[in-house]
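Taking it in order: structure first as structure tokens, then the write-up.
No lab work stands behind these numbers, since they all come straight from the coordinates. Predicted model, so just to flag it, every value in this text is computed and none were measured.
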Amino acid sequence: MLGGQGGSIIILILIFAVMYFVMIRPQRKKQKQVEEMRAGVKAGDRITTIGGLRGKVVRVTDDVIMIDVGPDKVRMEFMKWAVSKVEDKGAPMGAADKSGKAEAEAKEEPAEEEAEAPKTVKKPKRLGFKAPEPDAEEEGGKEAEE
């Protein structure tokens, strides 16, 4: 009943339908989830930007967020589309990363024995260059003149 053209049109429609359900629909679904995640960012959340910066959200406006970055709490502004993922909702600064435990342990007070011991400072190593001593140059210069 369907000739050569009718069968090829049905096959073409089936190929487009499969492509829609395999490629386009999942991409749109993922894009919608990302948009919802970015719209749901609020102060106190820990985020990672698309550039890899991690910080705690301080302020959120319509399309701009401000985050605290690092131990010095440097504040930076980013567009909302730069948010890659929300790590922890409303978590404290060191809770999301594994190094937070190490930082907390490092901030603890040292034992009494360690606190009493004087701290020594290592001098940096020189890389083989040694400045000539001024006395040796003056003596060599005087001998050459005589």
Once the piece of chain linking Glu87 and Phe16 is laid out straight, how much longer is it, given 0.36 nm per residue of separation minus the C-alpha distance between them? 21.8 nm
Gain upon complete extension [Val34, Ile9; 0.36 nm per residue less C-alpha separation]: 5.4 nm
Subtracting the Cα-Cα distance of Asp63 and Met79 from 0.36 nm times their residue separation yields 5.2 nm
Long-range amide H contacts for Glu87: which residues qualify at under 5 Å (H placed 1.01 Å from N, peptide plane, sequence gap of 5 or more or a different chain)? Arg46, Ile47, Thr48
